[in-house]
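Pasting a structure here, questions to come.
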Amino acid sequence: SSFAVTVSVLPTVPATPAGPAQVDIATTPGSNYSTSAGNASYGWHLAPPTAGTIAGTSETAVVTWSSSFTGNAEISVKGQNACGESAWSTVKTTQVINTTGINEDAASIQVITKDGSVSLVMNTNTEQARVKLLDLSGRILLNTTIPGQGTQLISQDLKPGIYFLVIDAGNTSLKKKILVN
């Protein structure tokens with residue numbers, strides 16, 4: 001006797017998820033990630049678990065970021081069908097930052113960025129000001145004291161990118177995201 005046999009193949013390993021490389025949760029509480037088509041369904045994974053939640057069973061998933069998380073998050077996906085599951089895709093890393101509370105109001109302090117250098121024009125009512133310069137990961141690149149009056153070069157030879165500047169000068173404070181070209 002004979003009978004029909006249907007042969008199904010295992011799901012393929014999906015492509016590395018596509019989505020943002022950096023997210024500021026102050027302005028972007030959720031992000032979309034997508035992968036290659038061709039599987040019946042998909043299983044998505046977000047690590048670490050404290051980064052937020054990930055939802056979706058198709059080629060697209062939505063990450064809802066935790067408001068208390070900052071750092072690197074890893075997103076991966078696997079294909080699924082009636083025969084089983086594929087291996088996990090290559091990981092997509094997304095840097096999660098939070099600029100909540102970053103203000104740009106301090107009329108007595110002017111920030112000048114030019115050719116990889118950062119200068120401050122200080123016109124405060126204090127003798128000294130505490131200055132911190134941080135990279136996007138929160139690593140302190142500079143922590144110093146400068147005069148509260150005059151123009152001060154605080155850093156030079158910075159790589160192009162975005163930095164955070166925190167200045168405390170008595171009753172005046174400035175927390176600002178700056179772009180260095």
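With the other protein chains left in place, how much accessible area per residue, in square angstrom, belongs to the chain at a 1.4 angstrom probe?
Counting only protein heavy atoms, the per-residue value for the chain is 56 Å².
Which one, (1) 98, 29, 20; (2) 78, 44, 30; (3) 48, 37, 33, gives Cα extents along the principal axes in Å as derived from the coordinates shown?
(1)
Contour minus end-to-end for L134 and A55, with contour as 0.36 nm per residue of separation and end-to-end as the Cα-Cα distance?
Once the chain is fully extended between L134 and A55, it gains 25.1 nm.
Which values, in whole Å and largest first, are the semi-axes of the equivalent ellipsoid of the range 127-181 obtained as the square root of 5 times each eigenvalue of the Cα gyration tensor?
Result for the range 127-181: semi-axes of 20, 12, 9 Å.
The values are calculated or read from the model by the stated rules, or taken from the named source; none is laboratory data. The structure displayed is predicted, hence computed values, not measured ones. Ligands, DNA and RNA are stripped out before the accessible areas are found, and what is left, the full protein with its side chains, is counted by its heavy atoms. Shrake-Rupley method; radii C 1.70, N 1.55, O 1.52, S 1.80 Å.
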